[in-house]
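Before any comments, here is the structure.
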Amino acid sequence: MKSYQTLQKMIDAGITAVVRGDTFEEAATIAKGCIEGGVTSIEVTFTTPDAMRLIKQLSTQYPDITVGAGSVLDSETARIAILNGAEYVVSPCFDAGAAKLCNRYQVPYVPGCMTIREMKEATEYGVALIKLFPGNQFEPSFIKSVKGPLPHVAIMPTGGVNASNAKEWIENGAAAVGVGSDWNKALKKSGAEGVVEAAKVYVELLNN
């Protein structure tokens, strides 16, 4: 699949579930619960034990789901992620080496940026979707401000996005949102079914 096709799938999804767990089993339960709840873009963070195995498992088991790798800090990790089935690569900050490698293999690279300078640099390396991270340091209206000088930049806030503000982020120009800790909270409170229900809430919220 070409990079632009994957990006469009992420944007059409509206939400990317950022999956992080203390164990492989916890992360797998969260990922599968999100998918059952209707989320079609899953980011497995490399801070999760055996993340590569989970990426490969999800990619094989759910071919219609867009599965990516998160918390990727360098090109070496990006290459490993791609070889294990990651369709996109997400970083907490911009890394030129990772950007070049992802461009080489037509895999979207989504780096975390906080400033217009960082966003400008990222786009110069071919980045088409930027992760505003950590999103809890900004108000949703920040995206409108950024789109003044950078109207062409697609932004996905991540970190601090929740069911109370996700719609507001979209209304202010976010291309999509990334949601993470809510899944872990739902799992802890209500088990696997809690994750499914939380996912359904987000999907319904962003589709209306």
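Residues of the stretch 1-40 that are under 20 Å from PRO157 (Cα atoms), surrounded by fewer than 18 Cβ atoms within 10 Å (Cβ to Cβ) and of a type in the set (A, V, I, L, M): ILE11 alone. Considering (1) part of a helix (DSSP H, G or I); (2) of a type in the set (S, T, N, Q); (3) under 13 Å from the mean Cα position of the chain (by Cα), the lone condition that THR16 does not fulfil carries the number (1).
Residue check: is GLY85 under 30 Å from THR60 (Cβ atoms) and either touching a helix residue (DSSP H, G or I) at 6+ places or on another chain (Cβ under 9 Å) or surrounded by 18 or more Cβ atoms within 10 Å (Cβ to Cβ) (or both)? It is true that GLY85 is under 30 Å from THR60 (Cβ atoms) and either touching a helix residue (DSSP H, G or I) at 6+ places or on another chain (Cβ under 9 Å) or surrounded by 18 or more Cβ atoms within 10 Å (Cβ to Cβ) (or both). Return the residues of the stretch 41-78 that are within 24 Å of ASN103 (Cβ to Cβ) and either assigned to a loop (DSSP other than H, G, I, E, B) or among the acidic types (Asp, Glu) (or both); say none if nothing qualifies. Passing the criteria: GLU43, PHE46, ILE65, SER71, VAL72, LEU73, ASP74, GLU76. Taken over the stretch 124-149, residues that are in a loop (DSSP other than H, G, I, E, B), over 13 Å from the mean Cα position of the chain (by Cα) and surrounded by 15 or more Cβ atoms within 10 Å (Cβ to Cβ) amount to 6.
Could you tell me which residue of the stretch 178-208 is surrounded by the fewest Cβ atoms within 10 Å (Cβ to Cβ), considering only residues that are in contact with a strand residue (DSSP E or B) (Cβ under 8 Å, 6 or more places away or on another chain) and modelled with pLDDT of 95 or more? Steps first, please.
Here is the first cut: in the stretch 178-208, the ones in contact with a strand residue (DSSP E or B) (Cβ under 8 Å, 6 or more places away or on another chain) are 178-180, 183, 199, 202-203, 206.
Next, only the ones that are modelled with pLDDT of 95 or more stay: 178-180, 183, 199, 202-203.
Numbers: GLY178: 27, VAL179: 25, GLY180: 21, TRP183: 28, ALA199: 24, TYR202: 25, VAL203: 18.
For the stretch 178-208, the residue satisfying everything is VAL203.
Of all residues in the stretch 150-178 being assigned to a loop (DSSP other than H, G, I, E, B) and of a type in the set (A, V, I, L, M, F, W, C), which is nearest to ILE116 (Cα to Cα)?
At the first step, the residues of the stretch 150-178 found to be assigned to a loop (DSSP other than H, G, I, E, B) are 150-153, 159-165, 172-176.
Restricting the remaining residues to those that are of a type in the set (A, V, I, L, M, F, W, C) gives 150, 153, 161, 163, 174-176.
Numbers: LEU150: 8, VAL153: 10, VAL161: 20, ALA163: 27, ALA174: 15, ALA175: 17, ALA176: 19 Å.
Among residues in the stretch 150-178 that are assigned to a loop (DSSP other than H, G, I, E, B) and of a type in the set (A, V, I, L, M, F, W, C), the one nearest to ILE116 (Cα to Cα) is LEU150.
The values are calculated or read from the model by the stated rules, or taken from the named source; none is laboratory data. All values derive from a computational prediction rather than experimental measurement. Every residue, glycine as well, gets a Cβ built from its backbone with ideal geometry; the counts of neighbours run over all protein chains shown.
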